[in-house]
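Below is one structure, written out as structure tokens; comments come after it.
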Amino acid sequence: MTMKSQHPVLQKPDPALSWHLLSLPAGFKAATIKTSTDGLELALPSFDQQGLILSFINFKGDVRIRPSVDPDSEELMAGPGIGLLSEAGKPLYFCASAPVHFSALLLFLPENWNRLFLDGNVHFIKIQQILSEPGNIITCRLGRRQMSLLTSALNGGGKEVADLLQLQNSALSLLEYVLCNRHRGLLGANPSPEFENEDDLSLIREVESYISEYYCSDTFTVDSILKKTYTSYHRLNFLFKSIHGMTISEYIRNKRIEKSREMIADNAKSISQIAYEIGYSSISNYILAFKKVYQITPGKYKKQIDNLV
């Protein structure tokens, strides 16, 4: 259950790809792009200033995020309809190895703008601390209303003569959503099961149902959940920690191990058969996982059960 990419060879990206840069009346800059291309290797534009870049992306296809100039570095799977907050000047690439429909809105928040409007905000200070660490990106899943704002901004910003006030209104609403309304989701601090966004509750129930149906399959992975739900790994982990007090990988592991404990108690199959049937291709990995959950190996647990009979 890894987020690492196999780094397939990219098809040749469209050389005409470029960001449409705009200066907004509120004092910050924006950039938009809408494209259909056979391959994607798209870097954030350079704003030649210190500050933050808030990227909102939507797409059809398979897009990954690489926070490094090294093409062989680890890539993260992206989901449509997410926001990503990163420091200006640090590398961030959107990559695809197959045809993709991709659109994005970037908001560049220069340092002087941040000082003027956000200085002293404790949540913003925490965000800055997180982003100062190498490779850190903060992600946020957009709800239906935010997706509508993103669509509106992209439709306006991509015109030859952009409606800057309309674009700015949509951009400011998206900015408020990320930096204010969703700060708990951004920081992963003080998690609470009482989510403000009904989409979050719907998502977590959908994922729980999907896991319950497929968790014993040896082809089941966290990546398959991300592709089905179009969300980010970091967002899904935050939701599972808030609801269940554990990561999504730990939740899946516990479901499998609990199922195996029931199968051991039935005493109808061997330990190796049980490990295979709950999705483990390695018996040693299964034993380590069982011991982590129950502080005993499955073999010793089976002996305890047999002694009680």
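Structure data summary
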{"item": "Cβ pairs under 7 Å, 6+ apart, first in region 265-285 and in the same structural domain as Asn307 (by TED's automatic domain parsing), second assigned to a loop (DSSP other than H, G, I, E, B) and not aromatic (Phe, Trp, Tyr)", "result": "Glu277/Cys216; Ile278/Cys216; Gly279/Cys216; Gly279/Ser217; Gly279/Asp218; Ser281/Asp218"}
{"item": "Total residues in region 279-296, condition surrounded by 15 or more Cβ atoms within 10 Å (Cβ to Cβ), outside any helix (DSSP H, G or I) and of a type in the set (Ser, Thr, Tyr)", "result": "1"}
{"item": "Qualifying residue in region 56-66 (condition: touching a His at 6+ places or on another chain (Cβ under 8 Å) and either among the basic types (Lys, Arg) or within 16 Å of Leu179 (Cβ to Cβ) (or both))", "result": "yes"}
{"item": "Which numbered condition Tyr301 fails, given (1) modelled with pLDDT of 90 or more; (2) surrounded by 11 or more Cβ atoms within 10 Å (Cβ to Cβ)", "result": "(1)"}
{"item": "Unmet requirement for Tyr214, which otherwise passes all of (1) under 18 Å from the mean Cα position of the chain (by Cα); (2) of a type in the set (Phe, Trp, Tyr); (3) modelled with pLDDT of 85 or more", "result": "(1)"}
{"item": "Flag for Asn267 being of a type in the set (S, T, N, Q) and more than 28 Å from the chain's Cα centre (by Cα)", "result": "yes"}
{"item": "Options Glu194, Glu208: the member that is in a loop (DSSP other than H, G, I, E, B) and either over 30 Å from Gly27 (Cα atoms) or at pLDDT 85 or above (or both)", "result": "Glu194"}
{"item": "Any hit, region 228-246, residues being under 23 Å from Val63 (Cβ atoms), within 23 Å of the chain's Cα centre (by Cα) and at pLDDT 85 or above", "result": "no"}
{"item": "Qualifying positions in region 239-278 - out of contact with any helix residue (DSSP H, G or I) (no Cβ under 7 Å at 6 or more places or on another chain), within 30 Å of Leu203 (Cβ to Cβ) and part of a loop (DSSP other than H, G, I, E, B)", "result": "Gly245"}
{"item": "Matching residues in region 56-109 - criterion: being assigned to a strand (DSSP E or B), touching a Pro at 6+ places or on another chain (Cβ under 9 Å) and either surrounded by fewer than 16 Cβ atoms within 10 Å (Cβ to Cβ) or not assigned by TED's automatic domain parsing to the domain that holds Leu150 (or both)", "result": "Lys60"}
{"item": "Sole exception among (1) surrounded by fewer than 19 Cβ atoms within 10 Å (Cβ to Cβ); (2) touching a residue at least 60 places away in the same chain (Cβ under 8 Å) for Arg141, by number", "result": "(1)"}
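Results for (1) modelled with pLDDT of 90 or more; (2) over 16 Å from Phe28 (Cα atoms), shown as yes or no for each residue.
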{"position": "Gln50", "(1), (2)": "no, no"}
{"position": "Leu54", "(1), (2)": "yes, no"}
{"position": "Tyr93", "(1), (2)": "yes, yes"}
{"position": "Leu105", "(1), (2)": "yes, no"}
{"position": "Phe117", "(1), (2)": "no, no"}
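The values are calculated or read from the model by the stated rules, or taken from the named source; none is laboratory data. Fair warning: this is a prediction, and the values are worked out from it, not measured in the lab. Don't worry about glycine lacking a Cβ; one is built from the backbone with ideal geometry, like all the others, and counts go over all protein chains shown.
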